[in-house]
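Colleague: One structure, as structure tokens, below. Some questions next.
Rule-based calculations on the coordinates, nothing more; no lab input. Model, not experiment: these values are computed from the prediction. Cβ sites come from the backbone with ideal geometry, for glycine too, and all protein chains shown count toward neighbours.
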Amino acid sequence: MIRITGIRGCAKASFRKSLQVPLLRKFSTTNTKFTEASTTHFGSKTVLKEDKEKLVGNVFSSVASKYDVMNDVMSLGIHRLWKDHFINKLDAGKRPNSTEPLHFIDVAGGSGDIAFGLLDHAEKQFHDVESTMDIVDINPDMLKEGEKRALEQGKYYNDPRVRFLVQNGEKLDAIESNTKDIYTVSFGIRNFTNIQAGLNTAYRVLKPGGIFYCLEFSKIENPLIDFTYQQWSKVLPVMGSIVANDYDSYKYLVESIQRFPNQETFKSMIEQAGFKSCGYESLTFGVCAIHWGVKV
């Protein structure tokens, strides 16, 4: 069992200390009837659960080559600051007196920006060039973008420490239980068909003492700011059409944000998966939030 002390633990001890700081209806077709148990939401639409994975896959295949542009449009570029804060707050890496590297998994991380940022931080802050990273995504097109990014920046491409894996985040069937120290997911978990199943799987793959760490769009509490943000959201699909020639994908992404649970509800779901010391930090008035939990 990993204790929250020592080398691997130093990263976690520092992080855990920081945790104490203010952190259907039925419908029918001509031949078949479907109930709530077999359906889920895809943006504002109700679809069969078995179809959502393909529909979400189509969205991200469509935006894969312009993923950074998409994030810039949806957040006015602020997502870069959010991601930097996300990485710095976690402050993970093998400490100099450690005998074992950390084992990261970045889920729905095909573009590689968070995964590479975490490894860069570990190297810069702790001279850690040993920790490993599994970058997993259900969409092969997104993973190709991550590999392309690694090749272009001349780092982490064909690196034995880094694996790109096509995986369903709700199952992660290629990842053994109790093998990861840090599980991250950034702007991805809201696209899961079954979010709770994804959280349960995160708990499974983490070692005792391991950290679940999530960055996701959330809910604004201030009514005036929320009204302004909702008006901006209505414009986003049009912006997507202009910038990326893709109205429908941006419409889905906006609707998926609106359907995602608020901070307290999502915290409860993380706790339901078995995590302890759960908390969150709202960013930019609650437009997005960092969530965490520790497996004990």
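Colleague: Take the Cα pairs of the range 136-265, get the Kirkwood Rh, then feed it into Stokes-Einstein at 25 °C and 0.890 mPa s and tell me D in µm²/s. Before the final figure, lay out each step's value.
Modeller: Numbers: Rh = 17.1 Å.
Approximately 144 µm²/s, per Stokes-Einstein.
Colleague: Between the alpha-carbon centers of the range 93-143 and the range 237-269, tell me the distance in whole angstrom.
Modeller: Distance between centres, Cα-based: 26 Å.
Colleague: Only bridges whose two residues both fall in the range 56-294 count here: according to DSSP, what percent of them are antiparallel, nearest 5?
Modeller: Values: 13 of 33 bridges.
Here the share of antiparallel DSSP bridges comes out near 40 percent.
Colleague: Mind listing the long-range amide H neighbours of Lys180? Cut-off is under 5 Å, sequence gap 5 or more, other chains count too, H placed in the peptide plane at 1.01 Å from N.
Modeller: Leu206, Lys207
Colleague: Can you compute the charge dipole magnitude of the range 56-294 about its Cα centre, using +1 on each Lys and Arg Cβ and -1 on each Asp and Glu Cβ, nothing else charged? Give it in debye, rounded to the nearest 20. Mind showing how you got there, number by number?
Modeller: Numbers: 24 positive and 31 negative charges, 42 e Å.
Value, rounded to 20: 200 debye.
Colleague: What are the residues whose amide H is under 5 Å from the amide H of Leu165, where those residues sit 5 or more places off or on another chain and H is modelled from the backbone?
Modeller: When sequence neighbours closer than 5 places are left aside, the close amide H contacts are Ile135, Val136, Asp137.
Colleague: May I ask which residue of Gly77, Gly210, Phe187 lies farthest towards the positive end of the charge dipole of the range 56-294, with charges of +1 (Lys, Arg) and -1 (Asp, Glu) on Cβ and the Cα centre as origin?
Modeller: Gly210
Colleague: Could you give the length gained on full extension between Phe285 and Asp120, defined as 0.36 nm per residue of separation minus the Cα-Cα distance, in nm?
Modeller: Working: separation 165, 0.36 × 165 = 59.40 nm, distance 2.83 nm.
So the chain would gain 56.6 nm between Phe285 and Asp120.
Colleague: Tell me which residues come under 5 Å, amide H to amide H, from Lys94 once H is placed; ignore anything under 5 positions away on its chain.
Modeller: Leu102, Ser131
Colleague: For a 23 Å ceiling on Cα separation, which of these pairs sit above it: Lys94/Lys124; Lys66/Lys124; Lys234/Lys267; Lys171/Lys267?
Modeller: Numbers: Lys94/Lys124 11 Å; Lys66/Lys124 28 Å; Lys234/Lys267 27 Å; Lys171/Lys267 21 Å.
Exceeds cut-off: Lys66/Lys124; Lys234/Lys267.
Colleague: Could I ask something else about it? Count the net charge of all other residues whose Cβ sits under 10 Å from the Cβ of Asp113, scoring Lys and Arg as +1 and Asp and Glu as -1.
Modeller: Numbers: positive: Arg80, Lys83, Arg149; negative: Asp68, Asp106, Glu145.
Once positives and negatives cancel, what remains is 0.
Colleague: Given R₀ = 35 Å, what would the calculated FRET efficiency be for Asp72 paired with Asn97, taking r from the Cβ atoms and rounding to 0.05? Let's see the in-between values first.
Modeller: Working: r = 40 Å, r/R0 = 1.15.
So the FRET efficiency works out to roughly 0.30.
Colleague: Which entries in the list Lys207/Lys276; Lys89/Lys148; Lys207/Lys295; Lys52/Lys148 go over 18 Å, if you measure between the two C-alpha atoms of each?
Modeller: On the way: Lys207/Lys276 13 Å; Lys89/Lys148 27 Å; Lys207/Lys295 7 Å; Lys52/Lys148 27 Å.
The pairs that break the limit, which is 18 Å between Cα atoms, are Lys89/Lys148; Lys52/Lys148.
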